[in-house]
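*Asks:* The structure under discussion is supplied below as structure tokens; questions concerning it will follow.
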């Protein structure tokens with residue numbers, strides 16, 4: 001069987017794209033490459049980008065439980081949640097398109113990615129750049145709905161996003177840079193409410209970074225053989241057989257930082273139930289992880305959206321008793 005048949009099916013889907021997704025039923029085939037550039041058929045990316053935003057918004061609502069100036073307290077502002085949802089989808093798509101432009105030469109050498117729209121020639125670099133600009137415009141229109149401080153904070157995140165694709169070439173810790181970018185919402189939810197940041201979102205941001213390093217290490221184990229051949233560096237390759245102890249440490253400190261963020265924000269005790277459930281889920285991930293089973297690594301990576309839901313649900317529960 002040829003590499004082309006192995007990497008791309010007869011309908012033009014890329015090797016790691018899910019079959020039967022609504023994207024392929026709703027869109028004409030000529031638009032599929034753009035959906036693949038934005039990863040619309042793989043929602044886990046925007047979900048993981050969204051969770052720190054939603055956690056921060058909920059934490060801000062609880063912190064302002066007795067502040068008459070905080071609208072919707074002790075719950076998160078629902079309009080902010082909608083904006084963060086749309087923004088996460090747009091900016092995750094823009095980020096993936098940008099990464100594909102930067103990584104085209106690497107993607108062409110990796111079995112799982114060589115069938116993506118750019119290395120396979122389904123779109124030109126010019127078309128991808130235009131699509132990137134359109135997605136970034138949507139993200140900007142979302143951003144300007146917030147206060148000026150939050151707008152400036154959001155724009156500042158682009159510096160981290162811009163350097164991320166290059167990190168895998170120069171450091172064993174590209175997942176750290178991904179964490180800096182994907183956790184930025186921990187600042188944004190709080191800034192959207194208060195027009196400033198403080199210790200609580202800082203602790204939430206730090207914890208989210210460690211969470212991101214953990215789940216993306218699991219994800220990176222899918223490609224470790226190809227990465228070694230083409231010189232791509234990652235924490236999966238760095239940790240190797242020590243991945244489970246590393247994950248235990250990363251997730252443990254992550255949870256301690258979340259506990260500290262909750263304590264500083266003064267959330268009710270019930271909110272910690274979500275953290276306890278998230279801790280159990282993380283422990284389950286580590287216990288069953290087989291770093292040599294690529295399919296399982298992908299499933300466990302995707303399972304981290306459950307962590308997002310558990311923590312967010314705990315914060316909402318806290319609002320019921322605040």
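*Asks:* Report the dimensions of the chain along its three principal axes from the alpha-carbon atoms, largest first, rounded to Å.
*Replies:* 64, 43, 36
*Asks:* May I pose another question? Taking the Cα centre of each part, how many Å lie between the range 232-294 and the range 33-64?
*Replies:* Their Cα centres are 18 Å away from one another.
*Asks:* Also, I was wondering about something else. Using only Cα atoms, tell me the angle between helix 44-63 and the longest principal axis of the chain; keep it within 0 to 90° and round to the nearest 10.
*Replies:* 10 degrees
*Asks:* Highest GNM mean-square fluctuation, the chain, Cα pairs closer than 10 Å: which of 87, 154, 20?
*Replies:* 20
*Asks:* Could you give the nm distance between label points at residue 320 and residue 241, where each point is 7 Å from its Cα heading toward the beta carbon?
*Replies:* In this crude spin-label approximation the distance works out to 4.8 nm.
*Asks:* Relative contact order (percent) for the chain, with alpha-carbon contacts under 8 angstrom and 6 or more residues of separation? It would help to have the intermediate numbers written out before the result.
*Replies:* Numbers: 500 pairs, mean separation 66.0, N = 322.
Relative contact order of the chain: 21 percent.
*Asks:* Using r as the Cβ-Cβ distance of residue 229 and residue 170, and R0 as 22 Å, what FRET efficiency do you calculate, to the nearest 0.05? It would help to have the intermediate numbers written out before the result.
*Replies:* Working: r = 18 Å, r/R0 = 0.81.
With a Förster radius of 22 Å, E is 0.80.
*Asks:* For residue 85 and residue 160 in one chain, what is 0.36 nm times their gap in residues minus the Cα-Cα distance, to one decimal in nm?
*Replies:* Numbers: separation 75, 0.36 × 75 = 27.00 nm, distance 2.03 nm.
Full extension from residue 85 to residue 160 adds 25.0 nm.
*Asks:* Counting other C-beta atoms within 10 Å, which of 193, 142, 163 has the fewest, and how do the rest follow? Present the calculation step by step, with values, prior to reporting the outcome.
*Replies:* Details: 193 27, 142 20, 163 14.
Exposure proxy ranking, most exposed first: 163, 142, 193.
*Asks:* I want to verify a result. In a Gaussian network model of the chain, Cα cutoff 10 Å, which of these has the top mean-square fluctuation: 280, 73, 60?
*Replies:* Of the options given, 280 has the highest mean-square fluctuation.
*Asks:* Which of 198, 115, 56 moves most in a GNM of the chain, Cα contacts under 10 Å?
*Replies:* Taking springs between Cα atoms under 10 Å, the residue moving most is 198.
*Asks:* Same structure again: Determine, from the Cβ-Cβ distance of residue 101 and residue 66 and an R0 of 51 Å, the FRET efficiency 1/(1 + (r/R0)^6), rounded to the nearest 0.05.
*Replies:* Calculated transfer efficiency: 0.60.
*Asks:* Hey, what number do you get for the chain at 222 nm if only DSSP H runs of n ≥ 4 count, each worth -39500 (n - 2.57), divided across all residues, to the nearest 500?
*Replies:* On the way: 17 runs with 228 residues, N = 322.
Rounded to the nearest 500, the figure is -22500 deg cm²/dmol.
*Asks:* When you count, for each residue, the other Cβ atoms within 10 Å and take the mean per peptide, how do 100-112, 43-55, 206-218 rank with the highest first?
*Replies:* Numbers: 100-112: 17.2, 43-55: 23.2, 206-218: 25.0.
Top of the packing list down: 206-218, 43-55, 100-112.
*Asks:* Nearest 0.05, what FRET efficiency do residue 127 and residue 26 give at R0 = 25 Å with Cβ-Cβ as r?
*Replies:* Details: r = 20 Å, r/R0 = 0.82.
According to the calculation, E is roughly 0.75.
*Asks:* Here is a follow-up. On C-alpha positions alone, give me the angle between the axis of helix 199-220 and the longest principal axis of the chain, in degrees, nearest 10.
*Replies:* Tilt relative to the chain: about 20 degrees.
Taken together, the values in this text are just the output of simple stated rules run on the coordinates, not laboratory data. Note that the structure is a prediction, hence the values are computed from the model and not measured. FYI the Cβ positions are ideal-geometry reconstructions off the backbone, even for glycines, and counts take in every protein chain you see.
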